[in-house]
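Asker: The following block contains the structure, expressed as structure tokens.
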Amino acid sequence: MSNWYSECSPLEKRTFWASFGGWALDALDVQMFGLAIPALIAAFGISKADAGLLGSVTLFFGAFGGWLGGALGDRFGRVKALQITVLTFALATFASAFAMSYTQLLVLKAIQGLGFGAEWAVGAVLMAEIIRAEHRGKALGSVQSAWAVGWGAAVLLSALVFTYAPADIAWRILFAIGLLPALLIIYIRRGLKEPPRAVAADAKAPLFATLSGIFHRDVLRSTLVGGLFGIGAHGGYAALTTFLPTYLREVRHLSVLGSSGYLAVIILAFFCGCVASGIISDRIGRRANVALFASACIATVLVYIFAPLTDAQMLVLGFPLGFFSAGIPASMAALFSELYPAGVRGTGVGFCYNFGRVVSAAFPFLVGFLSDHIGLGPAIGIDAAFAYSLVLIAVLLLPETRGKVFEQAAAARV
């Protein structure tokens with residue numbers, strides 16, 4: 001990161017760290033929930049299905065929040081929208097620490113989802129508009145890797161809290177820590193500058209007009225193909241992450257899944273895949289980079305599922321599997337940002353990324369359905385390969401956008 005980072009202006013560096021910090025803290029808040037599930041089941045006397053609904057609600061509202069957050073950035077400006085979204089998910093996570101019923105927690109998780117989905121869309125576009133074109137892929141890939149940083153921090157914090165605090169209050173302490181992202185707002189207010197092109201051209205246009213602007217005939221193709229890209233990227237990831245642990249545990253009988261070492265490998269693979277994708281994207285172009293990672297995903301998944309591998313080989317192959325699957329979403333922020341004009345850029349990025357997240361919910365269901373007929377392993381392989389094939393189709397239908405200079409970009413970087 002040092003070479004391109006050293007060429008950045010002070011404003012570019014501050015924007016990078018604000019976006020990186022926001023996404024890492026998003027991950028911290030979201031991943032803490034998964035680690036607290038056993039305690040929540042005990043505290044509220046709920047079923048695993050009820051606990052799963054909490055996660056599903058967060059993801060669903062996160063998808064809608066991404067589209068809405070992008071529109072807020074287009075309508076009112078990136079920096080102001082970023083402050084609002086960070087405050088939303090931070091307060092919702094903190095308030096969850098004081099939830100007295102399952103219903104209260106469900107509502108708060110929905111609000112948290114709105115905030116974290118919106119924060120990604122706003123932060124990604126702000127970064128895309130501030131960072132110079134030749135470093136845009138690297139910067140946004142590095143920001144995406146912040147999810148691994150927040151994920152790792154959540155694992156360490158939960159281990160610490162649940163070790164030294166009683167289980168019935170440990171989860172509340174964990175959620176209370178979720179207020180930390182609110183401190184980021186101070187940094188955002190003092191250090192960031194609004195890109196002059198970030199506000200929609202018609203400042204008096206209603207929010208609905210901004211939301212629907214991505215379906216105008218001038219950008220409709222980008223929206224449709226970008227949505228297909230998002231479906232494939234999220235669908236492949238969902239097909240793998242939902243059932244792969246079950247496959248390794250119940251079909252391959254690997255017990256290492258619960259170990260911290262295995263989890264560390266997955267987190268490291270995600271981080272490395274994001275950073276590498278950003279570097280390669282700036283060197284060979286957006287389309288070639290996505291095609292490379294999608295093809296590698298398909299090949300790795302098929303080998304992982306169908307090749308006669310030993311248990312040790314499967315565990316080793318888990319790193320490239322996570323590496324390649326992380327590289328695809330890491331490319332989306334730069335590519336989507338470069339497809340849209342200023343007035344609907346945030347809306348377009350938020351919609352394409354998050355539309356795929358909603359529709360991808362069908363892919364784990366498809367794995368489960370197919371597994372009843374052909375077995376779990378083949379079902380995962382076919383489902384994931386199909387999803388990543390959609391990414392390949394989509395990227396072939398999109399223009400090459402590497403090096404695109406946004407309007408008034410130099411003025412925003414001063």
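The values are calculated or read from the model by the stated rules, or taken from the named source; none is laboratory data. Every value quoted in this text rests on a predicted model; they were computed, and no experiment measured them. Cβ: placed from backbone, ideal geometry, glycine included. Neighbour counts: every protein chain shown. Areas reflect the complete protein model, heavy atoms only, side chains present, ligands, DNA and RNA absent. Shrake-Rupley method; radii C 1.70, N 1.55, O 1.52, S 1.80 Å.
Asker: Which of the following residues is assigned to a helix (DSSP H, G or I), open to solvent by less than 40 Å² (accessible area, probe 1.4 Å), of a type outside the set (Gly, Ala, Ser) and under 29 Å from Thr241 (Cα atoms): Val86, Val79?
Answerer: Working: Val79 fails: under 29 Å from Thr241 (Cα atoms).
Criteria check complete, one pass: Val86.
Asker: Additional query: Hey, can you tell me all the residues within the range 203-223 that are part of a helix (DSSP H, G or I) and either under 17 Å from Gly66 (Cβ atoms) or touching a Leu at 6+ places or on another chain (Cβ under 9 Å) (or both)?
Answerer: Here is the first cut: in the range 203-223, the residues part of a helix (DSSP H, G or I) are 207-215, 220-223.
Within the range 203-223, Leu207, Phe208, Thr210, Leu211, Ser212, Gly213, Ile214, Phe215, Arg221, Ser222, Thr223 qualify.
Asker: Of all residues in the range 356-400, which are open to solvent by less than 40 Å² (accessible area, probe 1.4 Å), at pLDDT 80 or above and polar (S, T, N, Q)?
Answerer: Scanning the range 356-400 gives a single hit, Ser371.
Asker: Can you tell me which of (1) open to solvent by less than 10 Å² (accessible area, probe 1.4 Å); (2) under 24 Å from Lys138 (Cα atoms); (3) at pLDDT 85 or above is the one Leu339 doesn't meet?
Answerer: The one condition Leu339 does not meet is (1).
Asker: Among the residues of the range 39-76, count how many are among the aliphatic types (A, V, I, L, M), free of Cβ contacts under 8 Å to residues at least 40 places away in the same chain and open to solvent by 10 Å² or more (accessible area, probe 1.4 Å).
Answerer: First pass over the range 39-76, keeping only residues among the aliphatic types (A, V, I, L, M): 39-43, 46, 49, 51, 53-54, 57, 59, 63, 68, 71-72.
After this cut, where a residue has to be free of Cβ contacts under 8 Å to residues at least 40 places away in the same chain as well, the list is 41, 49, 51.
When the remaining residues are screened for being open to solvent by 10 Å² or more (accessible area, probe 1.4 Å), the result is 41, 49.
Number of matching residues: 2.
Asker: Ok, one more. Restricting to the range 148-171, name every residue that is under 27 Å from the mean Cα position of the chain (by Cα), over 30 Å from Lys13 (Cβ atoms) and open to solvent by 60 Å² or more (accessible area, probe 1.4 Å).
Answerer: Leu160, Phe162
Asker: Please determine whether any residue of the range 124-147 is over 30 Å from Ile280 (Cα atoms) and either without any contact (Cβ under 8 Å) to a residue 24 or more places away in the chain or under 24 Å from the mean Cα position of the chain (by Cα) (or both).
Answerer: Pass one, the range 124-147, residues over 30 Å from Ile280 (Cα atoms): none.
No, the range 124-147 contains no residue that is over 30 Å from Ile280 (Cα atoms) and either without any contact (Cβ under 8 Å) to a residue 24 or more places away in the chain or under 24 Å from the mean Cα position of the chain (by Cα) (or both).
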